[in-house]
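Novice: This is the structure I want to talk about, given as structure tokens.
What follows is calculated from the coordinates using simple rules that are stated; it is not laboratory data. Keep in mind that what you see is a predicted model, and the values were worked out from it rather than measured. Backbone-built Cβ (ideal geometry, glycine too); neighbour counts: all protein chains shown.
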Amino acid sequence: MRLRRLLVVAVAALVAGVGGAAIGAHSGESTPGPAPVAAGVPQPVAPAFTPGHPEPLRAAPYRSSYAPVRVAAVARSAPDPGARVVARVDATTPEDTTNIVLVLGRRADRSGRLWVKVRLATLPNSRTGWLPRSTLGGYGSVDTRLVVDLRRLTATLMRRGRPIFRARVGVGRPQWPTPRGEFYVRNRLTKFAGPTYGPLAFGTSARSTHLTDWPDGGFIGIHGTDEPQLLPGRVSHGCIRMRNADILRLARLMPIGTPLTIA
Amino acid sequence: MTGEPTLRLQDVDRDEALLEAVAELHGDTRADFLRTAVIGSGVLLAALAAPPAASAAVSDTQILTFGLRFERLQASFYTEADRVGTVGKMDPRKQRWAEVLGEHERAHVRIIKKILGRKAGKRPFFDFHGVTESEDSFTRTTVAMEDLTVALLAGVTPRVHDRRLTAALFGLLTTEARHAAWARNIVNSTPAVRSFDEPRSLSDVSRTVAHTHFIAAAPKMTRKRRKPGFTG
């Protein structure tokens, strides 16, 4: 008799639970409060977190990639081990930073070996070449682009296609012109012995076409100055000079690997 | 490791981000051991997945930090495969699969980062050595990566002290198990190989994982330079 009573209670509890679940299922989100649960049946432990809704990868039309050079290699004119050598690419820069190259494309050769088309930091300026994927490290990416206008003497940093920084600049004198073309920012230097470069300098892949015997290859930098009164103007050996406050502001906004257009 | 390159953890984990996480979980001695362990070997993968010996010393935060590193690795892997165009070239069925898994992993990263706050640390620098750049290597590596994540979560979840965090990690674990099954289906492999998933038995995926799960040293792109050589 006692067993029968217990069974009745258990069945009643189950019915109440199922009924409750059914009510919850029919009424959907409009039902206030938690769904009824049979006495003695524990609720699931509430998780400490639940991930938000998955979001598709956003289109990134302004994104560009760079890669560090892992081992010294030769860049070739085509993705083919027999193609003409266009440049030797070192793993470090003259400033002793990791050498990076701007990634422009990729392709597999006939044997399935991967090659990466890169922008090079060599003369002639804006040159491209192909490196075996195995000579490069992992990809980094940026969504910025720096545009230097040699006629207007301005530098404009774009992020996702929108200007976020603009400053007047000094560029090369007529006898030592700042080279035009497509380049990239490849390192950042600080703590200089003298005030000539200001507090900070960016190294670029651009090289002077006139000062080819300059120490370390005549690379064009973007840096501060101890002669702000000369800006804007055509006052440098080819480098792009900014007021110190401007170069510090730019440093907060511009990551290494940013493509650079000098026009 | 038949015919595949032999890599040690120290070869690829140059900034020791992964070792650091392992050391937090297992103690220095274990990290020293892992330093010489071969990537892809059953020993290493089992060690990574195994619950730590001194579990009482491991905090929930350390476990979550460790989990975040792997979620970041996965999220970056799918994102890179998408960005370099590999996913876009796949047939619609595979494309959908790769996109969904990428979305999930990025959502996992976001929430764990949010939970950890400042303790989340910086995203490591990843070098997938071109694996994301061909459909074949990408899909095969995904199988290994998802299997590994399942084993890791199976290993660490029972060690979590906070029941609510355990519940959350179970939610991740079951999702990752679905990912693993889906990935196996994509490469026409059996989705459920065994009747029980052993957290420590990862030798079946070790060969595929070899030289693909890479955390590398970030390039040094900033220097103190007293006399730069720019033209000025």
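Novice: Kindly indicate the residue of the range B:135-172 that is small (Gly, Ala, Ser) and under 25 Å from B:Val193 (Cβ atoms) and also farthest from the other protein chains (Cβ to nearest Cβ) among those meeting that condition.
Specialist: Step by step, filter the range B:135-172, then rank; the result is B:Ala151.
Novice: Which condition number in (1) in contact with a Gly (Cβ under 9 Å, 6 or more places away or on another chain); (2) surrounded by 17 or more Cβ atoms within 10 Å (Cβ to Cβ); (3) at the interface with chain A (Cβ under 9 Å from one of its Cβ atoms) is the one that B:Arg106 fails?
Specialist: Condition (1) is where B:Arg106 drops out.
Novice: Among the residues of the range A:189-208 satisfying the criterion of being assigned to a strand (DSSP E or B) and either hydrophobic (A, V, I, L, M, F, W, C) or facing another protein chain (nearest Cβ under 7 Å) (or both), which is nearest to B:Thr222 (Cα to Cα)?
Specialist: Taking the candidates together, the pick is A:Leu189.
Novice: Tally time: how many residues in the range B:161-193 are under 19 Å from the mean Cα position of the chain (by Cα) and closer than 15 Å to B:Ile63 by Cα?
Specialist: 5
Novice: Could I ask something else about it? Yes or no: A:Arg188 surrounded by fewer than 20 Cβ atoms within 10 Å (Cβ to Cβ) and of a type in the set (Lys, Arg)?
Specialist: The answer is no for A:Arg188.
Novice: Return yes or no: is A:Ile256 assigned to a loop (DSSP other than H, G, I, E, B), touching a strand residue (DSSP E or B) at 6+ places or on another chain (Cβ under 9 Å), closer than 19 Å to A:Val101 by Cα and touching a residue at least 40 places away in the same chain (Cβ under 8 Å)?
Specialist: yes
Novice: Could you tell me whether A:Val71 is in contact (Cβ under 8 Å) with a residue 60 or more places away in the chain and either under 21 Å from B:Glu133 (Cβ atoms) or in contact with a Lys or Arg (Cβ under 8 Å, 6 or more places away or on another chain) (or both)?
Specialist: Yes: the conditions hold for A:Val71.
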